[in-house]
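Reading through the structure tokens given below for one structure.
The values are calculated or read from the model by the stated rules, or taken from the named source; none is laboratory data. Just so it is clear, the model here is predicted, and its values are computed rather than measured. Cβ placement follows ideal geometry from the backbone for every residue including glycine, while neighbour counts extend to all protein chains displayed. Keep in mind that these areas ignore ligands, DNA and RNA; they rest on the heavy atoms of the full protein, side chains included. Shrake-Rupley method; radii C 1.70, N 1.55, O 1.52, S 1.80 Å.
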Amino acid sequence: MGYIHCCVIYFRSSRITYIVVLCTLAQQIQLDRHYDWGLRAVKSVLVVAGQLKRAEPELPEDQLLMRALRDFNIPKIVQQDEIVFFGLLNDLFPGVNPPRVVDSSLATSIIKAIEESDLWPDEHFTLKVAQLDELLAIRHCVFVMGPAGAGKSVTWKMLARARDDKDPQQKVYIAHLNPKVIPTEVLYGHIMLQSREWKDGLLSSIMRDLGQLEDDKPKWIVLDGDLDANWIESMNSVMDDNRMLTLASNERIPLKPCMRMLFEIRDLCFATPATVSRAGIIYISSDDGNLWHSMIASWVQSQPDEVYSAQSKSARCDVDFGLDP
């Protein structure tokens, strides 16, 4: 059973797209290169709205749509634009603020994974880990974006450990590589000029080997390196609905449903709008000061009891250290 009040939903969807465009033109929302309000973003929101409708058919449809718009777009909104974005949602859905859907078992596993790694389970950080899991359920390619030292690597690592703890039978296999340290022809493969033979590339061989595995366990390919047009444009066919890597040898390597690609990047300055629209985006910021608090709290917790007692550790980790980010 689908949405009944489709005219109202279409009207509101048109309004939010129109308002976001107006606010962009009026410079109320910062024009970041990773913002995408195109048809692929609309399709992803509709997919989320359909999943919510099937999960909770008795919930009012305006609450379902508002939750889909909020929960899907918030991970990519930078901190200074959140006030404007929530203001737009409040104008479209006055008095509507449904609670966020929380996977309690995964949330418990995330906190456990963070504590076992001797890190501090900050509320903002655990939320980002949960948002990454939600984004991977919708998109098969995700940009984990943020400045250096913001916690991009530890975010997907903690999610992998949490998923392993939640379901030990479905452990995540991770292939981690940096595409910037090798030439593009070594990354994808090339035809040798002397012998006219095909020499396989690193990424193509990884995708082929993972695709040939018969199990359906989750498999992540993490590309840790800044984007540039030399290598990311060849990924467009993988990032769209075709999910197919096309090589110069005319071989087509599919990205299986159990496989995901994560791009750990700093920004999207050298990415085209076509590339930006093809992947989900989660932005991890270091501007709110939570990073400093977590680093100090983790250090305090790691100290022996003769330095800080258990009660003193708890008190010191809960206070605001007053450090500027």
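Taking the criterion of being over 24 Å from the mean Cα position of the chain (by Cα) and of a type outside the set (A, V, I, L, M), the residues of segment 209-231 that qualify are 209, 212, 214, 215. All of (1) more than 30 Å from residue 104 (Cβ to Cβ); (2) of a type outside the set (Gly, Ala, Ser); (3) within 25 Å of the chain's Cα centre (by Cα) hold for residue 168 with one exception: (1). Taking the criterion of being closer than 26 Å to residue 43 by Cβ, in contact with a helix residue (DSSP H, G or I) (Cβ under 6 Å, 6 or more places away or on another chain) and crowded, with 19+ Cβ neighbours inside 10 Å, the residues of segment 136-171 that qualify are 141, 142, 144, 146, 155, 159. Residue count for segment 252-285 satisfying the condition of being farther than 27 Å from residue 45 by Cα and either among the β-branched types (Val, Ile, Thr) or at pLDDT below 80 (or both): 1. Looking at 202, 136, 187, 132, just one residue is in contact with a Pro (Cβ under 6 Å, 6 or more places away or on another chain) and not acidic (Asp, Glu), and that residue is 187.
Taken together, the residues in segment 301-325 that are buried (at least 17 other Cβ atoms within 10 Å of the Cβ) and either of a type in the set (Gly, Ala, Ser) or at pLDDT 70 or above (or both) amount to 1. Within segment 254-265, the residues that satisfy the criterion of being farther than 19 Å from residue 78 by Cα and open to solvent by less than 20 Å² (accessible area, probe 1.4 Å) are 255, 259, 261, 262. Against the numbered list (1) in a helix (DSSP H, G or I); (2) hydrophobic (A, V, I, L, M, F, W, C); (3) within 30 Å of residue 168 (Cβ to Cβ), residue 102 comes up short only at (1). Annotation: residue 27 fulfils all but one of (1) under 26 Å from residue 150 (Cβ atoms); (2) at pLDDT 55 or above; the unmet one is (2). Look at (1) surrounded by 16 or more Cβ atoms within 10 Å (Cβ to Cβ); (2) touching a Phe, Trp or Tyr at 6+ places or on another chain (Cβ under 9 Å) and you find that residue 109 fails only one, number (2).
Residues that are farther than 18 Å from residue 134 by Cα, modelled with pLDDT under 80 and open to solvent by 60 Å² or more (accessible area, probe 1.4 Å) do occur in segment 72-81, at least one of them. Is one or more of the residues making up segment 266-283 open to solvent by less than 10 Å² (accessible area, probe 1.4 Å) and over 19 Å from the mean Cα position of the chain (by Cα)? No; the residues of segment 266-283 include none that is open to solvent by less than 10 Å² (accessible area, probe 1.4 Å) and over 19 Å from the mean Cα position of the chain (by Cα).
Here residue 178 meets each of (1) over 17 Å from residue 260 (Cα atoms); (2) open to solvent by 30 Å² or more (accessible area, probe 1.4 Å); (3) over 14 Å from the mean Cα position of the chain (by Cα); (4) in contact (Cβ under 8 Å) with a residue 12 or more places away in the chain with one exception, condition (1).
Among the residues of segment 187-201, are any assigned to a helix (DSSP H, G or I) and surrounded by 14 or more Cβ atoms within 10 Å (Cβ to Cβ)? Yes - at least one qualifying residue is present in segment 187-201. Of the residues making up segment 219-233, those that are surrounded by fewer than 19 Cβ atoms within 10 Å (Cβ to Cβ) and out of contact with any helix residue (DSSP H, G or I) (no Cβ under 6 Å at 6 or more places or on another chain) number 6.
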